[in-house]
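Single-structure report; data block below.
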Amino acid sequence: MPAGLAKRVDIDSGRLLNELHALARFTSVEQPKEGTAVTRVVFSEDDLRARKWLKDLAAAEGLVIREDAVGNTFFRWVGSEPELPAVATGSHIDAIPHAGMYDGTVGVLGGLEAIRALKQSGFVPRRSLDLVLLTSEEPTRFGIGCVGSRLISGTLDPGRADTLHGAQRGSEQETLAQVREAAGFHGPLSSVRLKQGQYHAWVELHIEQGPLLEREGIPLGIVTAIAAPASYRFTIEGVGGHAGALLMPDRRDALCAAAEIILSLEKHALATKAIDTVATVGTCDVYPGAVNSVPSMVTLQVDIRDIDPARRERVMLAVRQDIDELTRRREVKVTEALVNADEPATCSPHVVQVIDEVCREQGITPKHMVSRAYHDSLFMAQIAPIAMIFIPCRGGVSHRPDEYAAPADITNGARVLAATLACLAME
Ligand code: GLV
Ligand code: MN
Ligand code: MN
């Protein structure tokens, strides 16, 4: 830690909280009685207005702005040795339907506040510091998460990325290529990729999205590994018909078959007896979708994760066996499409140690932990040494309007982030 810096770094908690609330207003969703509901799908009007607002804030701090072809936005504080690989922090501002106001945003606005606090302290970084807003961390619009960081790391083929189709009902015809052009992001997606070594280190501040820090009364976590997510799309084709006239013995109901698949996933995820295996069917589109019509086609989006990718695959194998059996019995057709199957990420022991030392200097004993949620850091790990800073969130709740992180914890997280960036920028 640069001498005396810890005492001079002053996070303006009021400003950070105000900005989090201001960002939460870029949403068109109706507000519940309690909590703050945010829906901010990537490249929606709300997302584009929020980006403009953020760019104005960053420009006011004198940060140099660069946007790439997919809308990843880099806000740079140029260091005294700008030719050295920079240190980066960041996260996302897109939000799934009816989400809360802290997921991703704490990392973006906390990163901005960390940079401001360092600037105001008189600190001069040797390496440049980048705050990065990554595009489409959430899979809502295109059915796959972390589009921006996948392209940065080369995990997603640029040609395939441009042909990704809308995953929301009614938007199946639109492609990423069309949507990003309309949003003002031009050029080949191949240009988004960053080279290994381009960043000296990457650190992401995020709410835990789980209950452990709160439960154990620990104000801060350091992520040492990120679990491996996979997702699939299942299409089940049966035969539709009149809900009154089609006799039960004659039915080939696609939704009943889908129900069995959903329960099979739950059964086999539970059967591993590992707390780290989780499986979710988060969307179920029923065609034609009328109360008096037997469903003829169903699409399921499946999300399955584990810290052990081989165990995750064994669950899928068991589910496929069940599907074989039920397709014969129910005379339906099931098609499986792999959307993504990612490897877990291991955080850099060095970056973890830097955060740990910063915490201890600030009187915090951090918890070293695994992230079960995925983050852009999963992909940034492929091009740079990374780690993440977690702060507690109430009840471990996330992806819901009642998601909440206490101001003191947010401030703490931003302060630890600032000192961590300062240490890394002087290496
Ligand atoms: C991120 O939003 C996740 O689903 O883990
Ligand atoms: Mn999320
Ligand atoms: Mn997030």
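The values are calculated or read from the model by the stated rules, or taken from the named source; none is laboratory data. As the structure is a computational prediction, the values presented were derived from the model and not from experiment. Neighbour counts run over all protein chains shown; Cβ positions are idealised from the backbone, glycine included. Ligands, DNA and RNA are excluded from the accessible area calculation, which covers all protein heavy atoms including side chains. Shrake-Rupley method; radii C 1.70, N 1.55, O 1.52, S 1.80 Å.
Restricted to region 39-78, and to residues there that are in contact with a Ser or Thr (Cβ under 6 Å, 6 or more places away or on another chain) and open to solvent by less than 10 Å² (accessible area, probe 1.4 Å), the residue that is nearest to residue 107 (Cα to Cα) is 72.
Quick check on region 187-202. Is at least one of its residues touching a Lys or Arg at 6+ places or on another chain (Cβ under 7 Å), under 19 Å from residue 346 (Cβ atoms) and either open to solvent by less than 10 Å² (accessible area, probe 1.4 Å) or assigned to a strand (DSSP E or B) (or both)? Yes, the conditions are met somewhere in region 187-202. Of the candidates 294, 203, the single residue that is farther than 26 Å from residue 134 by Cβ and not acidic (Asp, Glu) is 294. Among the residues in region 323-339, are any under 21 Å from the mean Cα position of the chain (by Cα) and surrounded by 14 or more Cβ atoms within 10 Å (Cβ to Cβ)? Among the residues of region 323-339, at least one is under 21 Å from the mean Cα position of the chain (by Cα) and surrounded by 14 or more Cβ atoms within 10 Å (Cβ to Cβ), which makes the answer yes.
Residues checked against (1) within 14 Å of ligand 1 (Cβ to nearest atom); (2) open to solvent by less than 10 Å² (accessible area, probe 1.4 Å); (3) more than 12 Å from the chain's Cα centre (by Cα):
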residue	(1), (2), (3)
92	yes, yes, no
98	yes, no, yes
105	yes, yes, no
109	no, yes, yes
121	no, no, yes
127	no, no, yes
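Taken as a whole, the condition of being at pLDDT 95 or above, assigned to a loop (DSSP other than H, G, I, E, B) and more than 25 Å from residue 6 (Cα to Cα) does not apply to residue 96. Quick check: anything in region 372-382 more than 16 Å from ligand 2 (Cβ to nearest atom), under 22 Å from the mean Cα position of the chain (by Cα), more than 15 Å from residue 206 (Cβ to Cβ) and not polar (S, T, N, Q)? Scanning region 372-382 turns up no residue that is more than 16 Å from ligand 2 (Cβ to nearest atom), under 22 Å from the mean Cα position of the chain (by Cα), more than 15 Å from residue 206 (Cβ to Cβ) and not polar (S, T, N, Q).
The listed residues are 281, 319, and the only one of them that is touching a helix residue (DSSP H, G or I) at 6+ places or on another chain (Cβ under 9 Å) and open to solvent by less than 30 Å² (accessible area, probe 1.4 Å) turns out to be 319.
Surrounded by fewer than 16 Cβ atoms within 10 Å (Cβ to Cβ) and either within 16 Å of ligand 3 (Cβ to nearest atom) or not in a loop (DSSP other than H, G, I, E, B) (or both): is that true of residue 230 in this structure? So residue 230 fails the test.
Only one of the listed residues (141, 150, 193) is basic (Lys, Arg) and farther than 13 Å from residue 380 by Cα. That residue is 141. As a summary of the residue check, residue 114 satisfies the conditions (1) touching an Asp or Glu at 6+ places or on another chain (Cβ under 8 Å); (2) open to solvent by less than 10 Å² (accessible area, probe 1.4 Å) except for the one numbered (1). Among the residues of region 197-213, is any at positive phi, free of Cβ contacts under 8 Å to residues at least 40 places away in the same chain, more than 16 Å from ligand 2 (Cβ to nearest atom) and of a type outside the set (Asp, Glu)? No: zero hits. Each residue in region 203-224 was checked for being over 19 Å from residue 346 (Cβ atoms), of a type outside the set (D, E, K, R) and away from ligand 1 (no atom under 16 Å from the Cβ), and 5 of them qualify.
Sub-6 Å Cβ pairs linking a first residue in region 334-353 that is closer than 11 Å to residue 226 by Cα to a second residue that is assigned to a loop (DSSP other than H, G, I, E, B), at least 6 apart or interchain, are 344/227; 344/307; 345/381, ordered by first then second residue. Among the residues of region 374-400, write down those that are open to solvent by less than 10 Å² (accessible area, probe 1.4 Å), of a type in the set (Val, Ile, Thr) and in contact with an Asp or Glu (Cβ under 8 Å, 6 or more places away or on another chain). Within region 374-400, 386, 389, 391 meet the criteria.
Only one entry of 427, 403, 357 meets the criterion of being at pLDDT 95 or above, acidic (Asp, Glu) and surrounded by 21 or more Cβ atoms within 10 Å (Cβ to Cβ), and that entry is 403. A single member of 245, 259, 290, 274 is assigned to a helix (DSSP H, G or I), at pLDDT 95 or above, more than 16 Å from ligand 1 (Cβ to nearest atom) and surrounded by fewer than 19 Cβ atoms within 10 Å (Cβ to Cβ), and it is 259. When 335, 346 are checked against the criterion of being farther than 28 Å from residue 248 by Cα, of a type in the set (S, T, N, Q) and modelled with pLDDT of 95 or more, a single residue qualifies: 346.
Among the residues of region 206-223, those that are assigned to a strand (DSSP E or B) and over 15 Å from residue 398 (Cα atoms) comprise 221, 222, 223.
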